[in-house]
1. Filter the trypsin sites (Lys or Arg not before Pro) in region 27-136 to those in DSSP coil with at most 15 other Cβ atoms within 10 Å of their Cβ, and list the result.
2. Tell me, in nm to one decimal, what length is gained between Y109 and S153 on full extension, where the rule is 0.36 nm per residue of separation less the Cα-Cα distance?
3. Toward the positive end of the charge dipole of the chain, about the Cα centre and with charges on Cβ (Lys, Arg +1; Asp, Glu -1), which of V587, A279, N382 goes farthest?
4. Keeping every protein chain in place, order M327, M591 by accessible area at 1.4 Å, biggest value first, i.e. largest first.
5. What FRET efficiency would be calculated for the residue pair N83, A283, taking the C-beta separation as r and a Förster radius of 22 Å, to the nearest 0.05?
6. Please provide three numbers in whole Å: the alpha-carbon extents of region 139-220 along the principal axes, with the largest listed first.
7. Which percent of Cα-Cα pairs in region 262-358 sits in each 10 Å bin, short to long?
8. Got a sec to turn the phi values of region 471-486 into Karplus ³J(HN,Hα) couplings, 6.51 cos²θ - 1.76 cosθ + 1.60 with θ = phi - 60°, whole Hz, x for Gly and Pro?
Amino acid sequence: MRLNLDNDISSKFKIGTSIGLSRSASTRIQNDNNIYGVISTAVLLGGHIPVYNPDGTFGRDPNASIENPVANATLPTNDVKNNRILANGNLEYQIIPSLSFRSVVGVDYVTFREQNFIPSTHIQGAGVRGLGREAYQEEINLTNENILTFRKSFGDHNITATAVASFQESKQESLFAQATNFPGNDIRRLSAGSVRTAASSSGSSYGVIGYLGRLNYSYKGKYLLTASIRRDGVSRFGQDKRYGTFPAVSAAWRVSDEDFFSRFDVVNDLKLRASYGVAGNSAFADFGSFPLVSGGANYLQTAGFAPAQLGNPDLGWEESRQTNFGMDLSLYKSRISLSADYFVRTTKDLLLGRPLVGASGFTTINQNIGSTENKGFEFMLNTINLDKSFRWSTSFNITFPENRIVKLAGTPFASGFASWVEEGQALGAFRGYRVVKIFQTQAEISAAPFQSSLTRPGDIQFADLNKDGQITSADQEILGSAVPDFFGGMTNNFSYKGFELSSFLQFVSGNEVYNNTRAFSEGMNSIFGSSANVRNRWTPTNTNTNIPRAVITDPNNNRRTSSRWLEDGSFLRLKNVVLSYSLPASVTQRMRLQNIKFFVQGENIYTWTKYSGFDPEVSTFSITNTAPGTDFLTFPQARTFTAGINVVF
């Protein structure tokens with residue numbers, strides 16, 4: 001529900017408010033990198049296990065703890081309720097004709113409640129006679145923005161000057177409790193569980209203060225200049241590192257407005273652009289620079305605290321400096337529009353948790369550890385192909401990115417399952433062993449660099465990069481990167497009378513995906529079920545294959561991180577299609593309505609790809625930028641179809 005109110009108190013003074021209220025209820029299922037997820041168990045449970053036993057119970061593997069995927073989808077309950085209040089109030093005063101003041105105060109209040117129960121009929125809840133969890137989270141975000149704007153024209157000169165002061169405060173509180181040993185599976189409140197296994201609470205907050213000054217200048221609309229400077233402070237960083245200054249400047253020349261250009265009738269607009277700017281990033285842990293201790297380090301019945309985080313008073317802003325050169329071109333009365341850009345963005349003082357030796361008592365320390373460079377070309381083409389009763393327009397964009405780590409404090413380190421962070425490499429590089437072939441004979445093994453005394457025909461031969469005659473960790477190399485060669489999309493819009501059809505194609509090319517799901521489903525060295533691909537494994541009678549032999553304990557470590565699990569992640573996806581029909585105005589006017597539109601819509605309709613996993617557009621470790629492009633039991637984007645009606649009163 002939303003309410004908007006605006007009131008002109010006088011010709012100079014205006015006030016307004018906007019209030020939005022929402023409540024949602026949903027039922028979730030476990031997924032994504034979760035051993036009890038529906039997708040996870042569907043992949044990892046052996047294919048010989050039936051969905052149901054003859055007596056109607058769920059089929060399970062007696063030698064594994066993998067749950068039946070249908071049981072995973074139906075037995076646990078996970079009910080989530082969200083409430084949100086999004087409101088703001090604003091006032092605007094015209095001090096003089098060229099000077100105005102606007103102030104906006106906003107509040108975003110969100111509550112989240114989750115109730116999860118895993119019954120004793122589920123493997124996860126069987127040993128504890130039912131497992132119940134409840135979580136509650138409350139977050140409030142307060143903002144205030146004050147804007148002073150000066151606009152003035154002096155003949156052919158136009159100036160707009162803006163000064164902004166903004167303030168933000170965010171607070172979050174959460175509660176969590178867990179209980180087991182329920183008398184049955186019908187009463188699921190935590191009070192019914194006789195054993196309280198967890199109870200905790202937490203809170204966090206941060207504040208941001210910012211000031212901005214910006215000047216826009218134009219001469220005859222063809223010489224354009226913008227300059228700005230920001231000064232922001234955030235509570236997350238060290239005492240002497242909380243504030244950052246971020247300048248920016250841009251200029252443009254509308255060449256098509258020059259007198260000498262008037263003879264080019266085909267071109268109706270040509271603009272050249274250049275810009276340089278510095279942007280700051282403070283998206284990090286709220287108390288990331290502080291030494292922290294946490295409660296719960298108890299011994300018997302004695303309460304205790306324990307160190308939880310190393311402090312770093314030098315932790316500060318991450319800065320990105322970007323230079324951009326561009327051109328905008330419009331032809332044939334804007335039937336064809338082209339934009340081209342070249343950009344170079346250098347990000348320094350990256351905010352990351354640098355790994356530490358475990359003997360220190362900590363696994364990471366928050367630091368500004370290095371810098372990266374991103375550069376490339378971007379192109380956008382818009383065309384009006386037909387413009388009569390039947391109208392057809394197209395929008396196409398493509399980007400060619402390049403990425404590398406310019407500087408890294410400390411030594412290179414691993415991230416995720418196969419990602420590697422090293423100076424000079426792409427942020428998204430994969431590292432591991434290079435597969436050479438499958439050994440076919442003992443003679444081949446004897447002639448090759450040593451791998452294991454138990455290596456046999458049917459095992460994988462890995463490359464000896466340093467030529468020392470044996471395969472060791474020193475033989476790992478950069479295998480590929482999650483950074484694509486290019487990516488983009490194309491939208492086509494068609495309209496005829498009241499009918500409209502829109503389609504969006506998305507494409508990515510040249511990136512690799514590390515398919516760690518296959519490492520489990522094709523590894524053949526554990527209690528997990530295997531995919532159908534292992535039927536083509538090496539045997540003395542099936543030697544023309546790239547899948548190694550099946551052998552208990554995998555003595556050659558065929559399952560190790562290697563190019564075996566790296567795949568081409570390129571794809572073309574029909575991302576979205578919308579077909580709609582609007583009733584004629586003559587009909588809606590009789591109904592005293594502005595418009596009625598009927599529509600059907602499809603999302604993620606079809607994907608063309610060579611990737612063997614569920615979805616090539618995947619990143620299991622989405623919370624970090626050091627391990628993109630890894631797939632591990634990740635739920636794919638759903639194919640959805642929607643039908644509806646929009647009514648405008």
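The values are calculated or read from the model by the stated rules, or taken from the named source; none is laboratory data. None of the values given here were measured: they were computed from a predicted structure. Don't worry about glycine lacking a Cβ; one is built from the backbone with ideal geometry, like all the others, and counts go over all protein chains shown. The area values use the complete protein model at the heavy-atom level, side chains included, leaving out ligands, DNA and RNA. Shrake-Rupley method; radii C 1.70, N 1.55, O 1.52, S 1.80 Å.
1. On the way: sites: R28, R60, K81, R84, R102, R113, R129, R133; in loops: R28, R60, R129.
Counting only loop positions with at most 15 other Cβ atoms within 10 Å, the trypsin sites (Lys or Arg not before Pro) in region 27-136 are R28.
2. Numbers: separation 44, 0.36 × 44 = 15.84 nm, distance 4.22 nm.
Extending this stretch completely gives an extra 11.6 nm.
3. V587
4. On the way: M327 60, M591 100 Å².
Reading off the accessible areas and sorting them downward yields M591, M327.
5. Values: r = 25 Å, r/R0 = 1.14.
That gives a FRET efficiency of 0.30.
6. 84, 23, 14
7. Values per bin, smallest distances first: 12, 23, 18, 15, 12, 10, 6, 3, 1.
8. Running phi through 6.51 cos²θ - 1.76 cosθ + 1.60 with θ = phi - 60° gives 9, 10, 4, 6, 8, 7, 9, 6, 9, x, 8, 7, 7, x, 6, 7 Hz.
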